[in-house]
Each structure stands twice: as C-alpha cells, then as structure tokens.
Amino acid sequence: MRMALVAHFSTTIGRYLATALLIIIAALHSFPASADISVRHADADKYIRLIQASHFLSQATMGPTVATTTALAARIGAIGRDEAFNEWINNQLNKTLQPSLIKADAMIARDGVERSTSHINHPTLNLSTRYYREFAWWDQALFSGSQLGERMAWALYQIIPAHDRDATRGWEDNLKYMDLLRKNAFTTHRKLLEDVTYSPMMGKFLSSLKNDKGDESLGIFPDENFAREVMQLFSIGIYDINDATFVTDGNGNRVESYTNTDITQIARVFTGLSNPPANANQTFFNASGTSANGRMLMWEEHHHQGTKTFLGQTIPANQSGDQDISDTLDILTNYKTAPYFFSNLLIQRFTTSTANINYLRRVAAVYKDNGQGLRGDLKAVIRAILMDPTIRDAFKIEKTIDPSDNSKTLITVDVNIERYANHDKQGRLREPMLQLANFLRFFDVDAKEHEGNGHQGDFKPLWSQMTVGQGIRQPISVFGYYSADYLPINGPVANKTRAHRPVVLPEFELLPTFAVPLNEKIEEITARQSIIQRHTTNSVFTKLPGLARYVGNNSLAQLIQDLNIYLFSGTMSKSLQDELLVALDDTSGANDRIRLSKAVAVLLSSADFAVTN
Amino acid sequence: MTDSTNFSKNRRHFLGDCGKMASLAILPSLLTFKNLNAAVANNSNIDGYKALVCVFLAGGNDSFNMIAPYSTANHRNYMQARPVVGIPQNELTPIPTNNSSSMSHLGFHPSMGQMGRMYRSGDAAIIANIGTLVRPTTINAYRSKNSLPTGLFSHREQQLSWQTSVADNTAASGWIGRMSELLNDVDTTGADTSLMFSLGGSPRIMTGSNSSGFAISTDGANVLDLYSDTSVRDAYNATLNERYTSLLKQQYTHDYKGIIDKAEFYNNAMAASNDPFGPTAFPNTGLGNQLRQVALTIAAKDSLNAKRQSFIVSQGGYDFHQNLTARQAPLLTELNDALIAFNNAMKTIGMHDNVVSYTASDFGRTVLGNGTGSDHGWGGNSIVMGGAVKGANTYGTYPFNMTDGGSPNIDIGRGRYIPTTSVDQLHADLAHWYGVGNSDISLIVPHESEYGGNLRVGLFD
C-alpha cells in the first residue's frame, strides 16, 4: 500500500496518542467537525458568502451548483444574507412550474417516439413512450429554474405518494398526478388535500375510486382505505400532539387521537366517487370517462347519506357528497394536530429530520396563520421552514489567520452550535434521489453529453429509480419510501430518543437497502448513459463534464475544496480531506480524471455528504 | 459464566432497547430475570444447526380466505358474511384441524392446494386467529381500551408489533434481533459472522441492541468493483472512522461500518459452497428467488461458520381493499409455489428437521367486506412449516362462526377479530425451539407473564 491514510500521524503510536488526545479534546469541548478553508484575506468574505449560499441552496433546491451559488452569494454581498434569501424565495414563489406532461410531450415529439400509452419501442433508440414520465421528471428536477417548486413537488410526492401501477390510463396518469402536486406546491394544505382527494390516480391507489356506500344491513361497509390514510399520513397523524410535543399516558406511551370508530365514520364521507360515465350505459362501478378538470365525479346515489361523527364533530345527514368532503377536509386541516403534524413532515423533507421544539412551534404558528389569517399557506410555511434562525444560524463560520501561512485567512465552519437545544440531532440524510440530483447538478450533467449517442439530448437515466432504491412514482407503500417516524433501534441515536419527543431519521430506513453507498449506484446509472466508461474498475466518473475543469496540477486539492464549499457547505471534515489528498494525490501533482473521480466516489460515500446540517 | 460483569453488560443491552421508550409495563420482567449467560450455557438446545425463516406478507393478508371454514354449516356462515369475496367450498382444499381427525374443518385457498396437501402430510401447521396483543384481551377490555397494542389496524405499527413482540412499544428491538444477540453471546464460533439476513430493507425483526440484519439480495451481497481498489477502499473505510458530534453522522458511520468486509466474507463463503438445488428448484418469482437465496445460505452454513441463522423474506401487495378475489390469488400462488420449493429444498440438503418457516402479516382483515375487498382487521391465520413442527394441526381457536354477530366475544365490528392467540405465544415456541432457555423467554417475549401457564402453543415436542 503506497499511502498512509492518516498522514498527519506518521506512526501507529502517534496515531494512538492523537486519537486519545482527540477524545480528551472532544470531552472538554465540542469536537471540531468542520473543515478549514484557507484563502487570501481579500477573498475570505466571499467564501463565507458562498458557504452561506450553498447551505441555503442545499435545503431549498435539488442541489447547489457553482453558478447558482455564486449568484446568490453575490446578492448576499449586495443586500445582506437574509434579505438575499428572502429575495430568492420571493422570486421562486412567483414562478409557475411547467407541467411534466407538457415537458414529456415535447421530448417525445422531438425524439420522434410514437405517442402511445403502452410499451412501444422506438425502432432505433430503444425507448418507449412511457419512459418519458421519468425523463420529464429528471429534466425538470435538474434543469428547471423553479428549483424551490421542484423541491417542494418532490417533497409533496414523498408525503402523499401514489404508485405507478395504479395509473389507469397508462403513463400519462403518473404525470397528471405529479402535475397535481406541482400545481399545489405553493397553494394551501386544504387545497392540496382536496385535489388529492378527487384525483383518479389517488382514487385507484387508495381505493376511493368506485367506493360505494354499501349496505350495512347486508354487511357491506364503506371502504376505509383512503379515510384512514388521509388522516394518519396526509393531515393529522394518529398520535395526539400538544404544543409540538406528543402527549403520553402514565406509562410513557403516546396517546392516539382517534379510534377505529372514527375511521368507520369518516369512511362514509369518501363514498360515491367514480369516473364520469363515458357513455349512457356505464354505471358507477364501470365508469371510465374523464372529466374536463381531471377529477373523479361524485355519484350522489352511491354516497353514504347518514351522519358522520369523527374527531368529536358531526357532519349532518343528507348533505351532498361534495359538501361532506369539503366539511371533512375543513375539520382535518383545522384539527389541533394538523399544524404540527404536517409542518413537521415538510420540515423533514427540507431541513431536519428531528425539529427542535421551538422551531416546530414557530413553523406551526405560521401554518395556523400566515399573517393574513390564512391557514395552511404552503408559501408561508416553506419560507418559515427555510428562514428559521435554528436552520440559518446552524453554522458558526469563523475567520482566523492561517497559522501555516499568514498571508491567508482560515475559514472554519462549526456545525455544533450549542445554543440550540437539539444541535446534535439537527440535520437530515439526503435521500437517494436528492443525493443523485445534487451530484448530477454539481458536475454539470447536461443534454449535450448524449448527442451522437443515438439520443437527441436530455438526461435520460433509465431505471435510475430501481437502482437507487427510490423509484419515482414507485413508493414502497402508502407510507412512501420511508416512515416519517423511523428511528434506528441501535447505534448512537437510539440512546437519545424519548416517547414524547423522539429522534427520528426517516431516510435512514433506506440505508441498508442500498447496502453499498450511493456512489456505486451512481456509477451504474451513469454508466448506462455513457457519462462514464465502466469497462475498467479504474474509471469511475471520468466522463463527467464538470470534472474536466479539475484536471491538471494541484487539481485534487481544488476539487476537494470546491466540493466542500458547494456540496458540503463547508462541513467536510479536515481529516477526510487530508486522507484523500494523501491517498490519491500523485507525487507529480498531475491529477488525472481517474484519480479525481475516485476522490469524488469516496467523498460522496461519506457521512459529511450524506448528512446535511 | 456467572460473572457479574457479563451479567450487567447483557442486562444493559436489553434494557437499553426495551426500556428506552419508557414502556414501563415491561420493565419488571426485565429487571428480575436471572443470569442469562448461565441459562444459555446450560441449554443443550444450542447444539446443532437451526435456521428460522420469517415470510412476511406485507399489506395485511386476507388470511380468512387463505384458510377458510370448510365444513358445510361453517362454510355457509362464511359465505353469508362474505357473499362477494368468499371462496366456494368446492374450490377449497380441505384439511383437518388435527392430525387424528378425519373431518375436514378448514380449507386452503385454491391457489394453495399443494400447501393444503403438505399440511396434511404433517410438514406444516396453522395458528388460527393469531395477532398482536399486550395481554389476553376480552371484548370488554377492548372497549375500555385496556392494555391494547399501539396503532391497531395501522400497517406500520402492526408490522412493527409482529416484529418486536412488544405490542405496546413501537420503539422496541426486533424479537429475532434480541434472540440472536442472546445466543451469540455463547456462540464463539460465529462471533464475526452475521446470523441474521434480510432480503431487502432494514426490517425491525432483525434489529437488536447492538446488531442489525445483514441485507443481501437475491444475487448475494452487493459489493461492486470500486472497492477492489485498495486506495478507494481504505479511504472509504477511513470516512467511517471519522468522529462526529452530529448524531446523524454518527449513526451513518455506525450503519455502514464493516459492511464491505461482511459482504466479502459472505460472498466468498457462498462462492466456496456448491449449489445443491439446480436452476429449476425454485420458481422464478420475487419470493421464489428470495427463498432460493435463503436455501443457498443455509446450504453454505459450514463455510459461513454458523450454528444459527435467521432470515426474513417478504412479499408485498396484500392490501386489497378492492378486487380481493382476483388480486389475492396470484400472490398466494407465488407464496404456495415458493414455500413448497423451499420445503423440498430443505429435504434435498437434509436440513428439513433443522429449519422452521412461518408466515406473518400486518393483520388479518375484516370478514365483512366493503364490496369487492376487505379492510384492516386484527387477528388472522399463520402457517408454520418444517420437519420439527408437529404438523397437520391447527393451533389456537379458529373463529368458525363468521356470520355478523356470530362470534360476539371476539368481534369488535365488521368481523375484526380480537386475536385468541398472541404473536408472543408463537414467538415463545419458536424461541424455545431455536435454543432459548425457559428462563430467558421473557427477554424475547417481554409480556410472557401475561400468559401464565398458557404461554406455549405446543408447536414442537
């Protein structure tokens, strides 16, 4: 073995002593988990602004790029940090997300693929129309300028999923459902739930489509499926919450908000929905038409006419089905746990898996009232999530004179801000799709790379979903890809959790599924796209367009520093950087693509990349 | 081995996981248990090889259609309760409820005719109306919400309860996880060997206080080319030795540490073992391929250095609120074919008496339907299979009278049945067979004392 991995301690004994010393230091102080970035004095503030900007963009977009980070950092310089972020948010909230179906149609037309809902292969491109549901998603996620909206739509899909196989009219239904979420990215929780409730794809997924009122005297009851999940997963949760804390009983167990009787009652509400009839002979049970607004239709004669009593409230008998649904969604979104439950789901998708209590209180307060009396306003909620001081001030960024070169300033990012109660529990694991998107955006994957390869452009990652274990439109169940309350049972987190305020790590539920870290998966995906050449074990990401700018002298150090600033928000461990430099640097200083790509592979496998603070 | 250091170490691990979410109800039994090292060391059952396979049917299998009433009067009642989704008597494969009876009380689903014949041959048993319980529960106790499982009728909570055997604590460790840690304490030969295998996901069942199931795929463990490069591999391993204040980063490195070495160890051991089954022994289905990998791993037990191995495989999609009849049949066919193949495979390698498999699911479903489907219920039926099982018997109490109101002591509405046998009771039998001494059963089934002398189902001699 050529290299010593822990180069700064040349002997085993030295390493041992150093480790012992570090343990002592860690016991006395917070361990400095941060990186040091050494820059010219004149550049120091610019780099600090870059770190602030990339930290924000790592939470608000599908991934920071050099261009977007630089632009936002410049605005921080011009008008101040929070002003720049608010300006960026304002700008994003005013953008309209392009419907995925329109994007897919444009791509299909340009590629000359036959427009079909079934699996028809293009004669030379080995592409079927249905693949375009994925192509459109990727194209928009990676290249759309409406990055906050893209991130929000992806968040909503993870919270309120519907599965591919329930697309009744082929692949288009998938895109229509995704477009429903995209359209509601910045509406209200109430409006979002209404559109979801009437969506035929959701109706198929949770069997509210063609759900008849039944006849209890004959032992036929309303289907409880959507009723149960809309409460448990999309609006209020099963556990009682008081002031951002789970209510517990005398044994320390959580108290549930409702019983199965509530479920059987609310199940009556979601009866009577089916497709519109396509012809005069069709009935509720075989209707196959499509309405102009894309919604399921209420068939009043199949809607349960009785009273519905749940959550301590009663909806009177003999109302119209649509009125029952409207009243029910009002009750759910006005229920006392909704502001905490739903805000927390969104917080988990953007900033931290476990929210500190004051943070959750502040966001929930905005859910309750956006300042103009509107409840559940997603625009206000997402701003509150991103701009909270717990999140924005999570890093302490400091400048000192570099002791090894006094012409330079050392920038230190300390993620361990102890003034927040939950400082060591804050942050989230980037989910696999987001890791992949972050990586592809940073390395400038673009359409042109595929030209001459039989494709007309666009990033077309076939089968990426299965490969990273998080398929677009293929959630594992109605719980999505992971449970919002997943917590590891062994390991460091397990000792820190409490019933009333658990430490949860939803995305960790996926980790052992992709038992090898993501970079291997990325290799597999990108290999299919000829971004990399995979014929030898030594070529990893060598054809990445963004890698080219690092080939040459001292480029490994530059690559590591740039990844640290743009993808790690300055949190890359110093020892990790040193180890990589020693392990991979060529003594001649001439770094080739292979060496650089190995560094990328290791860095993307590290906890520093996987976890955003 | 009565050293007090070991004792406190072990007690810490068990308290560490069961006690942390403050389910106080279970603490007394844990605080008073005896020296477990001594108990295990004295247990002669730890000798020899045994494997346990949990076949998880995710989504809530409608197991009153998997195993339905057959005798004429009971079947008529069943059809009255299930006019749309009930299965006609002449399509069921009839079976007796005990091996000395010539009567046919129950019938297997038409997709599972072979399974029915296997049951009759004595290779399999049924546990009737089994489900999650904190303690034996009456209808009145249910109505007064006295000691009920957390999150009844919810997929997630009920899946967890089946896997933890601690129905009132969703944060408890997995019952097989606890058991493997207990037995591994004295199994020095397997100290570095993973005993628990999961085909997909990170199921709670295989999660102990210090160890987790090792995820393998139907092709083996995933190690790709990148790590054959020493510099990359060493650098990667170094990232796992970073020390972080962030709990998330600590957890991340904890979860990945050693995973490449384990994967290589597994793959090398598998490569050193021949495939005794051949390419057509298992159906080429999701479950068939998973059970094939399980069978191969069992066949490689010597090169894996294992005296005990446990596995979880799963088959999803059972949540049929609509179109139950058409959609359940192909899943049960897949289940039937895979279980039959696995049973034969164990005979092929002479392991039939050493391996026990059982089915688990989120919950049973409402007997009274909602049209063409059924909703989330509670008690349901499980299959237990293997040479050691006293087969051709149905254990527990099957709810034969399925008319609306026909089983008033267990029916909480719509034919949602309070289980008459607890998941804990099944686990107690399985744990004892696997090698856990009587005095340690409470570590595996913390609510043991709720069952008094009725804990054991009697599946094994």
Problem set entry | Cα-projected label distance for B:Asp302 with B:Asn90, points at 7 Å along beta-carbon direction, nm | 5.3 nm
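Under Stokes-Einstein, with the Kirkwood radius over Cα pairs standing in for Rh, what whole-number D in µm²/s applies to segment A:348-409 at 10 °C and 1.306 mPa s?
Working: Rh = 13.8 Å.
Translational diffusion coefficient: 115 µm²/s.
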Exercise. Average partner chain C-beta neighbours within 10 Å, per residue of A:596-605?
Worked result: 4
Problem set entry | B:Glu334 accessible area, 1.4 Å probe, all protein chains in place, Å² to nearest 10 | 40 Å²
Exercise. Counting only residues 5 or more places away or on other chains, whose amide H sits under 5 Å from the amide H of B:Ser361 once H atoms are built in the peptide plane?
Worked result: B:Leu57
Exercise. Of A:Lys408, A:Lys336, which has the most accessible area and how do the rest follow, probe 1.4 Å?
Worked result: A:Lys336, A:Lys408
For this session: Keeping every protein chain in place, order A:His163, B:His432 by accessible area at 1.4 Å, biggest value first, i.e. largest first.
Result: B:His432, A:His163
Exercise. Using a 1.4 Å probe, how large is the accessible area of A:Arg268, given in Å² and rounded to the nearest 10?
Worked result: 40 Å²
Problem set entry | Euclidean distance between Cα centres, segment A:398-417 to segment B:206-278, Å | 36 Å
For this session: Using a 1.4 Å probe over the heavy atoms of the protein chains, calculate the carbon and sulfur portion of the accessible area of chain B as a whole percent.
Result: 47 percent
Exercise. When the solvent-accessible surface of protein heavy atoms is calculated with a 1.4 angstrom probe, in what order do B:Arg308, A:Arg498, A:Arg81 fall, highest first?
Worked result: A:Arg498, A:Arg81, B:Arg308
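Could you work out the percent of alpha carbon pairs in chain B separated by over 29 Å, rounded to a whole number? Before the final figure, lay out the partial values.
Details: 50516 of 106030 pairs.
The proportion of pairs with Cα distances above 29 Å equals 48 percent.
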Seminar exercise, completed: Once accessible area is computed for A alone, B alone and the pair with a 1.4 Å probe, the total buried surface, to the nearest 100 Å², works out to 7000 Å²
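Relative contact order of segment A:305-381: what whole-number percent is it, with Cα pairs under 8 angstrom and at least 6 residues apart?
Values: 64 pairs, mean separation 13.5, N = 77.
Contact order relative to length: 17 percent.
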Exercise. So which of A:Lys396/A:Lys598; B:Lys50/B:Lys301; A:Lys336/A:Lys496; A:Lys396/A:Lys425; A:Lys496/B:Lys262; A:Lys183/A:Lys210 end up more than 20 Å apart, counting from Cα to Cα?
Worked result: A:Lys396/A:Lys598; A:Lys336/A:Lys496; A:Lys496/B:Lys262; A:Lys183/A:Lys210
For this session: Among the aspartates and glutamates, select those whose C-alpha is under 13 Å from the C-alpha of A:Lys574, and discard any that sit fewer than 8 residues away in the same chain.
Result: A:Asp36, A:Asp414, A:Asp608, B:Glu242
Exercise. Which far-off residues, 5 or more places away or on another chain, put their amide H under 5 Å from the one on B:Thr394, with H placed in the peptide plane?
Worked result: B:Asn98, B:Ile126
Exercise. Any idea which of B:Phe56, B:Leu133, B:Val423 is furthest toward the positive side of the dipole for chain B, if Lys and Arg beta-carbons carry +1 and Asp and Glu beta-carbons -1?
Worked result: B:Leu133
Seminar exercise, completed: Expected field for A:Glu216, accessible surface area in Å² at 1.4 Å probe radius, rounded to 10, holds 70 Å²
For this session: Once you have the Cα-Cα distance between A:Asn318 and A:Asn293, take 0.36 nm times their residue separation minus that, and quote the gain in nm to one decimal.
Result: 6.4 nm
For this session: Scan around B:Leu368 for amide H atoms under 5 Å from its own, H built in the peptide plane at 1.01 Å from N, and keep only partners 5 or more places away or cross-chain.
Result: B:Gly415
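Let a ≥ b ≥ c be the square roots of the eigenvalues of the Cα gyration tensor of segment A:149-233; is it rounded (a/c under 1.5), or, if not, prolate (a/b larger than b/c) or oblate?
Taking the square roots of the gyration eigenvalues as a ≥ b ≥ c, segment A:149-233 is prolate.
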For this session: In whole Hz, with x marking every Gly and Pro, tabulate ³J(HN,Hα) for segment B:428-440 from phi via Karplus 6.51 cos²θ - 1.76 cosθ + 1.60, θ = phi - 60°.
Result: 4, 4, 5, 5, 5, 4, 6, x, 7, x, 3, 6, 9
Problem set entry | Residues along segment B:361-384 losing 40 Å² or more of accessible surface when the other protein chains are present rather than the chain by itself (probe 1.4 Å) | B:Asn370
Exercise. Hey, what's segment B:78-171 come to in accessible area per residue, 1.4 Å probe, Å²?
Worked result: 35 Å²
Problem set entry | Expected-Rg normalisation [2.2 N^0.38 Å, Cα atoms] applied to segment B:367-461 | 1.27
Problem set entry | Point-to-point label distance, A:Ala42-A:Lys95, nm (Cα→Cβ direction, 7 Å offset) | 3.4 nm
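Under 15 Å from the Cβ of B:Gly122, count the other residues' Cβ atoms, weight Lys and Arg +1, Asp and Glu -1, and hand me the total. Before the final figure, lay out the partial values.
Numbers: positive: B:Arg117, B:Arg120, B:Lys347, B:Lys390; negative: B:Asp123, B:Asp353, B:Asp461.
After counting each charged neighbour, the total is +1.
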Exercise. Using a basic spin-label model with each label point 7 Å from the Cα along Cα→Cβ, how many nm lie between A:Asn286 and A:Glu87?
Worked result: 6.3 nm
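The values are calculated or read from the model by the stated rules, or taken from the named source; none is laboratory data. What you see is a predicted model, and the numbers here were worked out from it, not measured in a lab. Please note: Cβ atoms are built from the backbone with ideal geometry, for glycine as well, and neighbour counts cover all protein chains shown. Heads up: the accessible areas ignore ligands, DNA and RNA and are worked out on the full protein's heavy atoms, side chains in. Shrake-Rupley method; radii C 1.70, N 1.55, O 1.52, S 1.80 Å.
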